[in-house]
Amino acid sequence: MLPEDSKSIPDHAGAPPLGRSTAGPWRRRIVRVILGLFLLLVGVALVGGWWVNGKLRGSLAILDGEVTLAALEQPVTIERDAHGVPTLRGENRVDVARALGYVHAQERFFQMDLIRRQAAGELSELFGGGALDIDKRLRTHRFRWRAANILAALPPWQRQLIEAYAEGVNAGLADLDSPPFEYLATKSEPRAWLPEDSIVVVFAMYLDLQGRLARREASFGTLRAVQPKLYPFLSPKGDHWDAPIVGEAMTPPPIPSAEDVDLRRRVESPAMPEAQAVTAAQAVPAAFDGWEYDPFNSLPDIVPGSNNWAVDGAHSRHGGALLANDMHLGHAVPNIWFRAVLAYPDPQSGAERRMAGVSLPGAPVVVVGSNGHVAWGFTNSYGDWSDLVVLESVEGEDDTYLTPQGPQRLERIEEIIRVKGEGEVKIEIWQSIWGPVVDRDLDGNRLAQRWAAHLPAAVNLGLVEMEGAKDIETAIEIAHRSGVPAQNFVVVDDQGRIGWTIIGPFPRRFGHDGSLPTSWADGTRGWDGLLTSDEVPTVLDPEVGRIWTANARVVGGEMLDLVGDGGYARGARAQQIRDRLLALDKASETDLLAVQLDDRALFLEPWHGVLRQALEASEVPRHQNLLTALDDWSGRAEPDSVAFRMVRVFRDTLRDQVFTSLTAASAAADGGFDFRHLGGDEPPLWQLVQERPLHLLDPRFETWDAQLLAAVDAMLDDLEAKGGELSEHTWGQHNLVWIRHPMSRFMPAAASRWLDMPARKLPGGRDMPRVQSTTFGSSERLVVSPGREEEGIFHMPTGQSGHPLSPYYGDGFEAWANGEATPFLPGDTVYHLQLNP
């Protein structure tokens, strides 16, 4: 309401007279208000920043001083060098396990939490409903339940180590002033570490290394049922690239005849009624009219890449046996491994045991490394450690199936998944005597998975015994009773000797080769326990004085019959390593590092010739431009090479087009089928390109020349859509390595740069020792001779700490990226922490 005297004020009284302004006081008042708000916001930001900074710094690891750790029998010292590599020295192995748990928690707890949650199917509890589908799939294997049962059955000394480690983890977490920053970002609290979690962490490695076995076997089952005449051709056991340490290269099966398979006519299948038979043109998606795939980015990025090899003392510079190992896994920040040296007295002699290598945060063991007497390393074996069992149901009873002991009902198990912000979700799991039901075949039969990961012997701490091994025979005996995913185990000792075997549980398969889903109902097929140590394939001191593995087939004959085929990598990488090793008469540590960094593209040399020949026959201007670009071919996967990128992508694009056409009927019959699960694509693809059978050519094309140029055009169309000149599309531009923290993709760009390693154009690719892709590569590189560890070499793509404010967060990245020879052993002590009882 206006004051009384305001009634006489004209309506325009508030307007200033012409030429005069009264805005000054109002403006000053507005400025004061804005300034006050700004200062308030700055104050809030400063307080908030101070609070956040305090929280972040409160979660940094304790590096110096003394800390009380309950249940220790004797003090343990933790000495860190300038790169954060700790040497843990205690009076017994149990105290060292407890101290290792403490250090792991202080440096890597969130990483440990993610690993256990992934394997146990508990990500939704942390991340909400977005992770629910992943959890549902993983809960099928009930790894937490299995871990609890395994823990209860472990020998007392192993259970004591795991329990001590868990106590150390929880003490290390409690001694942080603030929980790791990721919990602040997710608005959650860390959960205590349970002893069984260390078992679950090993199950996570089973998933990573063997998790695709069931899908591969199901795909072969579909191919065999739908296209039986094509099946042998698309399931070769090897080719001229093979380089096993035992046995010879295998000859791939011949091209099927036109009477058996003719894509020009139609795709027929005994598994489909005649009315459902389709022509090839109908079955193949409209791939070449707006090609669906991005030929540069849509293919699976995770490819086999691990290498290890050994050179005996007669062929080394210093007379000691040499071990080289670079395990390849998906990249992340922090790295999966944590370097450590464990030192404690030998229980019998009292002499110091000193174990140097890499540990897996979440487990109280050194995974690979050297104890001064023996050194060992792993690569994924790609043997067949899983079978799909066709459950023959009793008529009218879908939940009853036949077994050698008679009909049995499937066990129904209810699992509860806790979902952040959404409560609980219940799921059903159906369990057979052979394993969980994971799928159905084309006839509607349930498929159960029999997997080595489901066995009671799947996980144990047998690997700890390696710390006391003094020769390769003892080390191999220990490997055969260790519970880890089956790996190529290469070992050397201080007497100059070398050996290979398979580490981990080794099922004894009978009645079938495990390549296809099959019924076990009549008892003539199945598994019969585990092989004994004497039965497991083993090679000691080969005549050539070298051993090499690279995810490819390692042995042949009866040994291969036992190991089976779980999707071996192409032999080209192993062959390249073998030839380089045999050319080294007296190898040194730096010589073996050079082999690890070998980026020569020997596998793609023939494909370079195929592409050049196809382009030379064309007069299309852009084809001629590409032909000119091929002139920079150096035969290496170099970052600035256009030619390498073109050859690599041409081959992959051609592969996709040809195999999409070949397997169209299988894809139409099975929505989960993908020819890329089959592996082994090089032998049939190379035969087709060389022999060019018209009956296996996609009917869209008149000639194989047209097919080759269609792959070229698909590649060039994609490049043009990306923009830029052809000369700009280098291998480094495509293969830009970016190692990221799992949280960074959900944060602003500034935070992402703070969390991630710098993006880098690196050499390397597939089918060469230096396997490298944008998100996959060597998780470590080591070269070491037991007893000469001070001459050893080590690389890791990120640093020791998982905390971005730690000086050890990205330490080591540059040396890894540049291939610089950095020491295997830690350097001088910079920080000293003592843990007291």
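Before we move on, is Ser785 within 14 Å of Thr590 (Cα to Cα), of a type in the set (Ser, Thr, Tyr) and open to solvent by less than 10 Å² (accessible area, probe 1.4 Å)? It is true that Ser785 is within 14 Å of Thr590 (Cα to Cα), of a type in the set (Ser, Thr, Tyr) and open to solvent by less than 10 Å² (accessible area, probe 1.4 Å).
The residue that is most open to solvent (accessible area, probe 1.4 Å), counting only those in the range 67-81 that are assigned to a strand (DSSP E or B) and more than 15 Å from Val830 (Cα to Cα), is Thr68. Contact annotation: residue pairs with Cβ atoms under 8 Å, 6 or more positions apart or on different chains, pairing a residue in the range 638-649 that is over 17 Å from Val610 (Cβ atoms) with a partner that is β-branched (Val, Ile, Thr), are Pro639/Thr730; Asp640/Thr730; Ser641/Thr730; Val642/Thr730.
Selection of the range 464-484 for residues being within 27 Å of Arg212 (Cβ to Cβ) and open to solvent by 10 Å² or more (accessible area, probe 1.4 Å) yields His480, Arg481, Val484.
In the range 515-567, counting only strands (runs of 3 or more DSSP E) that sit wholly within it, the ones holding 1 or more residues that are closer than 30 Å to Gly319 by Cβ span 538-540, 546-549.
Looking only at the range 110-148, count how many residues are farther than 15 Å from Glu196 by Cβ and acidic (Asp, Glu). Of the residues in that region, 3 qualify.
On the given criteria, is Arg692 open to solvent by 20 Å² or more (accessible area, probe 1.4 Å), farther than 27 Å from Asp565 by Cβ, in contact with a Pro (Cβ under 8 Å, 6 or more places away or on another chain) and not acidic (Asp, Glu)? Here the answer is no, as Arg692 does not meet what is asked.
In the range 579-590, the qualifying residues are those that are out of contact with any Lys or Arg (no Cβ under 8 Å at 6 or more places or on another chain) and part of a helix (DSSP H, G or I), and the one that is surrounded by the most Cβ atoms within 10 Å (Cβ to Cβ) is Glu589. On the stretch given as the range 601-651, residues that are of a type in the set (Gly, Ala, Ser), more than 24 Å from Asp681 (Cα to Cα) and part of a helix (DSSP H, G or I) total 1.
For first residues located in the range 790-811 and more than 18 Å from Arg740 (Cβ to Cβ) and free of Cβ contacts under 8 Å to residues at least 24 places away in the same chain, partners that are open to solvent by less than 10 Å² (accessible area, probe 1.4 Å) and not charged (D, E, K, R) and lie 6+ apart or on another chain with Cβ distances below 8 Å do not occur. Any idea which of (1) free of Cβ contacts under 8 Å to residues at least 60 places away in the same chain; (2) open to solvent by 50 Å² or more (accessible area, probe 1.4 Å); (3) not aliphatic (A, V, I, L, M) is the one Trp816 doesn't satisfy? Failed condition: (2). The number of residues in the range 439-454 being hydrophobic (A, V, I, L, M, F, W, C) and either modelled with pLDDT under 95 or over 22 Å from the mean Cα position of the chain (by Cα) (or both) comes to 3. For the range 404-428, the tally of residues that are buried (at least 17 other Cβ atoms within 10 Å of the Cβ) and either under 15 Å from Asp522 (Cα atoms) or out of contact with any Lys or Arg (no Cβ under 7 Å at 6 or more places or on another chain) (or both) stands at 3. Check the range 215-224 and report whether any residue there is without any contact (Cβ under 8 Å) to a residue 12 or more places away in the chain, within 30 Å of Ser386 (Cα to Cα) and assigned to a helix (DSSP H, G or I). Within the range 215-224, none of the residues are without any contact (Cβ under 8 Å) to a residue 12 or more places away in the chain, within 30 Å of Ser386 (Cα to Cα) and assigned to a helix (DSSP H, G or I). Quick one: how many residues across the range 316-355 are outside any strand (DSSP E or B) and not charged (D, E, K, R)? Matching residues across the range 316-355 total 17. Only one of the numbered conditions (1) outside any strand (DSSP E or B); (2) under 29 Å from Ser219 (Cα atoms) is not met by Gly421, and that is (2). Residue pairs whose Cβ atoms lie under 7 Å apart, sitting 6 or more positions apart in sequence or on different chains, and linking a residue in the range 143-167 that is closer than 14 Å to His454 by Cα and open to solvent by less than 10 Å² (accessible area, probe 1.4 Å) to a partner that is part of a helix (DSSP H, G or I) and of a type in the set (Gly, Ala, Ser), are Phe143/Ala119; Phe143/Ala120.
Selection of the range 605-638 for residues being touching a Gly at 6+ places or on another chain (Cβ under 8 Å) and of a type in the set (A, V, I, L, M) yields only Ala637. Restricting Glu725, Glu702 to those that are at pLDDT 95 or above and open to solvent by 70 Å² or more (accessible area, probe 1.4 Å) reduces the list to Glu702.
Count of the range 823-834 residues, restricted to those that are open to solvent by 40 Å² or more (accessible area, probe 1.4 Å) and assigned to a loop (DSSP other than H, G, I, E, B), is 5. Among the residues making up the range 390-418, those that are in contact with a Phe, Trp or Tyr (Cβ under 8 Å, 6 or more places away or on another chain), part of a loop (DSSP other than H, G, I, E, B) and of a type outside the set (A, V, I, L, M) are Glu392, Thr403, Pro404, Pro407.
Would you please name the residue that is surrounded by the most Cβ atoms within 10 Å (Cβ to Cβ), looking only at residues in the range 729-759 that are aliphatic (A, V, I, L, M) and farther than 30 Å from Ser641 by Cβ? Only one residue tops the list, namely Leu755. Annotation note: Cβ proximity below 6 Å between a residue of the range 396-416 that is over 21 Å from Lys426 (Cβ atoms) and in contact (Cβ under 8 Å) with a residue 60 or more places away in the chain and a residue that is assigned to a strand (DSSP E or B) and open to solvent by less than 40 Å² (accessible area, probe 1.4 Å) (sequence gap 6+ or interchain) occurs for Tyr401/Leu391.
Residue selection: Pro436 satisfies the criterion of being open to solvent by less than 30 Å² (accessible area, probe 1.4 Å) and not aliphatic (A, V, I, L, M). Aliphatic (A, V, I, L, M), over 23 Å from Ala343 (Cβ atoms) and assigned to a loop (DSSP other than H, G, I, E, B) - does that describe any residue in the range 801-817? Within the range 801-817, one or more residues are aliphatic (A, V, I, L, M), over 23 Å from Ala343 (Cβ atoms) and assigned to a loop (DSSP other than H, G, I, E, B).
The values are calculated or read from the model by the stated rules, or taken from the named source; none is laboratory data. Just so you know, these numbers come straight off a predicted model, no measurement behind them. A quick note on method: Cβ atoms are made from the backbone with ideal geometry, for glycine too, and the neighbour counts reach across all protein chains shown. Note: areas computed on protein heavy atoms with side chains; ligands, DNA, RNA excluded. Shrake-Rupley method; radii C 1.70, N 1.55, O 1.52, S 1.80 Å.
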